[in-house]
C-alpha cells in the first residue's frame, strides 16, 4: 500500500527545503544538514526558525521511513517491499542518525535555547538524552536490530492456520475463542498453540539474538544493562523502574482480587469447575459472539457513527482518513500482526493499521487507534516537529480515553442488548489487560537485568509471572504451551519496554471516562485542548490538562478499578 503525498487537506509547503527533496539522495541530505549547521543562531527568533527548517528535513526522512514500514507491514510476503524497507533502514537511517547527532549537539550548545521558554522544556530534555546516548558504534547495531524486528513481523505475519476446513489468519482463529461452544474454543486455542510451536525455536533464537545485540548497545552507551539504557532512550523523565515495580504490586493487590471475583462469576455462568485458557474470551453478556460489522465498509460506517456520537468533529476528522486512503483495517494473509497508528510526517496525517475480523474487540481497536489519529490531527499545525509529539504515556491516554468515551455511545450504533454486551466486554477486557500489562512489563525487567539467563529460566520466569497475575486460570497440563505465550506479544520483540505506558495511561483514561459520564462537553473540550499541547508541557501537566492525575499510585489505581468494577457489575 502506498500512502498519498497529496491529501485533500491543507499541507504546509516546504519553506526552506526544495520541493523535490529526496532523503534517499544522501548527498542532498548531507548538504541540507550542512547548511543548517553553518547557520548563525544569535537569538531565540533565529533558533526557532532553524528548528522549523530542521523539522522539514526530519519530516522528509521520517516520512520515507514510515511509508516503507507501512507498505511492508501491509504485505509481509512481498519481498520487494521488505527489501525497500530494509534498504532504507540500512542506508538512510544510519546516515541520518549521525547527521542528526550533529544537529542535536548544535542545539544543546546554543546559548539562545535558554530564551525559548517553557514550551521547550520537554524538547530540551529529550535532545539532551539523545546526545548523551549517541555512540557511533551503535548506529550499525541499531540497524541490525531493525532487521531482526522485521524478521519477527515476517514470521508472525506469514502464519496460516488450518481450522475446521478453512485456511485462516491468526486473528481469525483468535476470534473463535469467543464462541459459546467450549469444544470450539479449546480447538481454536490448541490450533493457535500448534502454530506458535511450529515457530517457537526460530523465535527463541531470534530473541536471543535481539537481547545479546541490545545488551551490546547498552554497554557501548555506558549502561550496565539494556533496561537502564531503554528507560533513558525512551525518555522516561517522570518515573523509573521503582515506579514500575510499585505499579506491578498495586495491580497484584487491587486488580488480581477483582479478576478472581469475576472468575467465580465466569465459572458459574459457564457451568465449569475450573477456568481454562480457552474460557477467558467468551462474552458472558450475549448469546454468542457479537458481529457488529462484516467488511471494511461496515467497519468504517460503524467508526463514523461512534466517533460522531462522541462529538461530531471526530466524525469529520475520521473522514479525512477515509477520503485519503489512510486506513488498512481488515485481517488478511501476509499482513503483519497487531495494530498501530503511524504519523506520516511530511503530510502530518495519521495512518491507521488494524487486523479486524468483525468482532466486538475490533470496535475497541478502532476507537483506540482513532484516539491516536485525532491526536496527530490536533497537533499537525505545530511547525516544530519535536513539539508535536507528546510523551507516549499521554499518547495512550488519547487512545484509551476514546475507547471509553466511544463505549458510552455504543447505543448510537448497536441495539440496546448488543450495546450493553459490547460495553461489558470492553470493560472486562480492560480490567484483565491491567494484569497482562504488569506481566509483560515485569517479564521484560527480568529478561534484561538477567542477561545470561537460559531459555528454560526464561520460560520459568514467564510461568511464575502468569501465576502471580493470573492465578484464577488453570493451566495444568498446558505448561509447554504457556511457556511460549509471550512470543505473540510483539512489543517484546519489536518495541522493547514499550508496555508499562498502557497501564499508566489506562489509569488516566479511566479518570477521563469518569468525567465524561458527568460532563461530556467539558471533558471533550479539555481532551482536545490537552491533545493539542503535543510535547509543550511535561507529562504530569498533560494528564492534568485532560482532567487526570499521573502516576503509579496504588490508591489511584484502586479508585479507578473500583469504579470500573461497579459499572461492570451494574451491567451483570
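Name the residue, out of 428, 382, 369, that is under 23 Å from residue 515 (Cα atoms) and at pLDDT 95 or above.
Among 428, 382, 369, only 369 is under 23 Å from residue 515 (Cα atoms) and at pLDDT 95 or above.
Does region 346-366 contain any residue that is surrounded by fewer than 23 Cβ atoms within 10 Å (Cβ to Cβ), in contact (Cβ under 8 Å) with a residue 40 or more places away in the chain, assigned to a helix (DSSP H, G or I) and touching a helix residue (DSSP H, G or I) at 6+ places or on another chain (Cβ under 9 Å)?
yes
Which of the residues belonging to region 187-245 are free of Cβ contacts under 8 Å to residues at least 40 places away in the same chain, within 22 Å of the chain's Cα centre (by Cα), surrounded by fewer than 16 Cβ atoms within 10 Å (Cβ to Cβ) and in a helix (DSSP H, G or I)?
The answer is none; no residue qualifies.
Being within 16 Å of the chain's Cα centre (by Cα) and modelled with pLDDT of 95 or more is true for just one of 342, 336. Which residue is that?
Unique residue meeting the criteria: 342.
Here are some conditions: (1) buried (at least 19 other Cβ atoms within 10 Å of the Cβ); (2) under 13 Å from residue 292 (Cβ atoms). Residue 399 meets all but one. Which one does it not meet?
(2)
Going through 513, 486 one at a time, which residue ends up being surrounded by 19 or more Cβ atoms within 10 Å (Cβ to Cβ) and closer than 22 Å to residue 227 by Cβ?
486
Check 105, 176, 164, 119 and return the single one that is at positive phi and at pLDDT 90 or above.
164
Let me confirm something: among 37, 26, 41, which residue is crowded, with 20+ Cβ neighbours inside 10 Å and at pLDDT 95 or above?
None of the other options fit; the residue is 41.
If you go through region 141-158 one residue at a time, do you hit one that is at pLDDT below 95 and assigned to a loop (DSSP other than H, G, I, E, B)?
Yes, region 141-158 contains a residue that is at pLDDT below 95 and assigned to a loop (DSSP other than H, G, I, E, B).
Taking region 30-56, which residues are farther than 16 Å from residue 387 by Cβ and either touching a residue at least 12 places away in the same chain (Cβ under 8 Å) or not in a helix (DSSP H, G or I) (or both)?
Scanning region 30-56 gives 30, 32, 33, 36, 37, 39, 40, 41, 42, 43, 46.
Starting from residues that are closer than 25 Å to residue 301 by Cα and outside any helix (DSSP H, G or I), keep the ones in region 381-426 and report whichever is farthest from the chain's Cα centre (by Cα).
Restricting to residues being closer than 25 Å to residue 301 by Cα and outside any helix (DSSP H, G or I), the top hit is 415.
On the basis of being modelled with pLDDT of 95 or more, buried (at least 23 other Cβ atoms within 10 Å of the Cβ) and under 17 Å from the mean Cα position of the chain (by Cα), does residue 314 make the cut?
No; evaluated as a whole, the condition is false for this residue.
Report every pair of residues separated by at least 6 positions or lying on different chains whose Cβ atoms are under 6 Å apart, first residue within region 427-447 and free of Cβ contacts under 8 Å to residues at least 60 places away in the same chain, second surrounded by fewer than 20 Cβ atoms within 10 Å (Cβ to Cβ) and not in a helix (DSSP H, G or I).
Pairs that qualify, where the first residue is free of Cβ contacts under 8 Å to residues at least 60 places away in the same chain and the partner is surrounded by fewer than 20 Cβ atoms within 10 Å (Cβ to Cβ) and not in a helix (DSSP H, G or I), are 440/489.
Kindly evaluate residue 462 against the criterion of being assigned to a helix (DSSP H, G or I), within 18 Å of residue 203 (Cα to Cα) and within 23 Å of the chain's Cα centre (by Cα).
Considered against the rule, which asks whether it is assigned to a helix (DSSP H, G or I), within 18 Å of residue 203 (Cα to Cα) and within 23 Å of the chain's Cα centre (by Cα), residue 462 comes out as yes.
Test residue 176 against the stated conditions and say whether it is surrounded by 21 or more Cβ atoms within 10 Å (Cβ to Cβ) and touching a strand residue (DSSP E or B) at 6+ places or on another chain (Cβ under 8 Å).
Yes: the conditions hold for residue 176.
Looking at region 467-494 only, could you name the residues that are part of a helix (DSSP H, G or I) and under 16 Å from the mean Cα position of the chain (by Cα)?
488, 490, 491, 492, 493, 494 - these are the residues of region 467-494 that are part of a helix (DSSP H, G or I) and under 16 Å from the mean Cα position of the chain (by Cα).
Quickly run through region 265-295 and pick out the residues that are assigned to a helix (DSSP H, G or I) and either in contact (Cβ under 8 Å) with a residue 60 or more places away in the chain or under 26 Å from the mean Cα position of the chain (by Cα) (or both).
265, 270, 277, 278, 279
Out of curiosity, is residue 451 over 20 Å from residue 546 (Cβ atoms), assigned to a loop (DSSP other than H, G, I, E, B) and modelled with pLDDT under 95?
Here the answer is yes, as residue 451 does meet what is asked.
Would you check if residue 300 is assigned to a helix (DSSP H, G or I) and over 25 Å from residue 171 (Cβ atoms)?
When the stated conditions are applied, residue 300 does not pass them.
The values are calculated or read from the model by the stated rules, or taken from the named source; none is laboratory data. Just so it is clear, the structure is predicted and the values come from calculations on it, not from any experiment. Note that we place each Cβ from the backbone using ideal geometry, even for glycine, and neighbour counts take in every protein chain shown.
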